[in-house]
1. Of all residues in segment 312-353, which are in a loop (DSSP other than H, G, I, E, B) and among the β-branched types (Val, Ile, Thr)?
2. Determine if segment 256-278 includes at least one residue that is on the phi > 0 side of the Ramachandran plot and among the acidic types (Asp, Glu).
3. Can you run down the residue pairs with Cβ atoms below 6 Å, 6 or more apart or on separate chains, where the first is in segment 95-114 and under 21 Å from residue 65 (Cα atoms) and at pLDDT 95 or above and the partner is among the basic types (Lys, Arg) and away from ligand 1 (no atom under 16 Å from the Cβ)?
4. Hey, which of the strands (runs of 3 or more DSSP E) in segment 214-311, taking only ones fully inside, have at least 2 residues that are surrounded by 15 or more Cβ atoms within 10 Å (Cβ to Cβ), touching a Phe, Trp or Tyr at 6+ places or on another chain (Cβ under 6 Å) and of a type outside the set (S, T, N, Q)?
5. Residue 91 fails exactly one of the following numbered conditions: (1) within 16 Å of ligand 2 (Cβ to nearest atom); (2) at pLDDT 95 or above; (3) crowded, with 24+ Cβ neighbours inside 10 Å. What is the number of that condition?
6. On the basis of being more than 16 Å from ligand 1 (Cβ to nearest atom), surrounded by fewer than 19 Cβ atoms within 10 Å (Cβ to Cβ) and without any contact (Cβ under 8 Å) to a residue 12 or more places away in the chain, does residue 41 make the cut?
7. Whether any residue in segment 199-212 is more than 19 Å from residue 312 (Cα to Cα), at pLDDT 95 or above and not in a helix (DSSP H, G or I) is what I want to check.
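The values are calculated or read from the model by the stated rules, or taken from the named source; none is laboratory data. Here the structure is a predicted model, which means the values were calculated and not measured. Cβ coordinates were reconstructed from backbone atoms using ideal geometry, including for glycine residues, and neighbour counts include every protein chain displayed.
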Amino acid sequence: MLCNCTPSVRAEIAVSLEWKILTPAKPLKAAILKTAKQPLHIEDISKPQPTAGQVLLRVRACGVCRTDLHIVEGELPQRKESLIPGHQIVGDIVDRATAELPLGMRVGVSWIGGVDGDCPYCRRGLENLCDAPVFTGYTVQGGYAEYATARSDFVFKLPTELDDLHAAPLLCAGIIGFRSLRVAGVEPGDRVGLFGFGASAHLAIAVLRSWHCEVYVSTRGASHRRLAASLGATWVGSETDKPPAELDRAITFAPSGDVVIAALASLRKGGIVAINAIHLDRIPEFDYDRLLWGERQIRSVANMTRSDARDFLKIAADIRLQPKVTVFSLDHANEALAAVKNDAIDGAAVIVP
Ligand SMILES: [Zn+2]
Ligand SMILES: [Zn+2]
């Protein structure tokens, strides 16, 4: 019998049939935040249903970001009941494929899960500041799960040079580290300070080295200092050591205002500190005449744009960026968060469902 639907509808039906064949009989597992400050519950969930404009992904890997920790620990207010965290998703498209996003394509999903496109910020090209943003794993379900949905216009095709485990930490830690370099106005050859050396910084240093920058790293933890030295830092010191040279630019990664002031105190005139932290304990009082005068600037880094993501993923593929990763199973999502909290691992934690 002839079908009178259009070719695109027929394709959609074929894709949904394929999904039904692929649907595993076993229940799908996810790590769920029920109550802030409590461990995640590892539970069975029903199949996520993509809505119009979304794709369904089978999750290959999901990076663990410090922001996940802020969400789970209640430092960011809970915005959704029974939340699946996780916003560094690598997955294959298994439903709602399109010509641009075919079935089986491997894509990444980041923290910025959607914008309204017509607020004053979006209209100025500042979609990272959108008035009505969607945040993956915060205002919508994320990737600590076997399957996830994502807006089709907010998934990024992943270069073949980057495998699943090494691509996952790039999707927030990497992109926002890269945006921090942009916000700090880093130019090739600059002297750049990195204050803190977790997942984001250890990716940013690779980009800085490819730009022939001198990199000065202040961080707590001997293993983080060793990692920084092995990745080509010009100088490495503890969190209380002052870099031996005046810095053109600095990026702080710790959620600590004291660290911001330490970075400011290391800058030359006209230098910029970019704060790569969604939450800070406080900003302590500081001496304006000595620390800010001379057109020094402090800037925060908020979210990311899709062009940050695309530009960074291209650079990451070109320089064959290989983050240092520690893998956790989905059943051990709480252990992965604890490892990030306690700085117990070098580089990034990645959950593999
Ligand atoms: Zn907007
Ligand atoms: Zn993040």
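1. Our first condition is that a residue be in a loop (DSSP other than H, G, I, E, B); within segment 312-353, this holds for 319-324, 342-347, 353.
Correct list: 319, 345.
2. Keep residues of segment 256-278 that are on the phi > 0 side of the Ramachandran plot, which gives 270.
From the residues that got through so far, the ones that are among the acidic types (Asp, Glu) too are none.
No, there is no match, as no residue in segment 256-278 is on the phi > 0 side of the Ramachandran plot and among the acidic types (Asp, Glu).
3. Qualifying pairs under 6 Å: 107/157.
4. On the way: elements: 214-218, 235-237, 247-252, 267-275, 297-300.
In segment 214-311, the matching strands (runs of 3 or more DSSP E) lie at 214-218.
5. (1)
6. Details: more than 16 Å from ligand 1 (Cβ to nearest atom): yes; surrounded by fewer than 19 Cβ atoms within 10 Å (Cβ to Cβ): yes; without any contact (Cβ under 8 Å) to a residue 12 or more places away in the chain: yes.
Criteria met by residue 41.
7. Filtering segment 199-212 for residues more than 19 Å from residue 312 (Cα to Cα) gives none.
No, segment 199-212 contains no residue that is more than 19 Å from residue 312 (Cα to Cα), at pLDDT 95 or above and not in a helix (DSSP H, G or I).
Residues checked against (1) within 16 Å of ligand 2 (Cβ to nearest atom); (2) surrounded by fewer than 20 Cβ atoms within 10 Å (Cβ to Cβ); (3) within 17 Å of residue 33 (Cβ to Cβ):
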residue	(1), (2), (3)
82	no, yes, yes
96	no, no, no
111	yes, no, yes
117	no, yes, no
141	yes, no, yes
158	no, no, no
171	yes, no, no
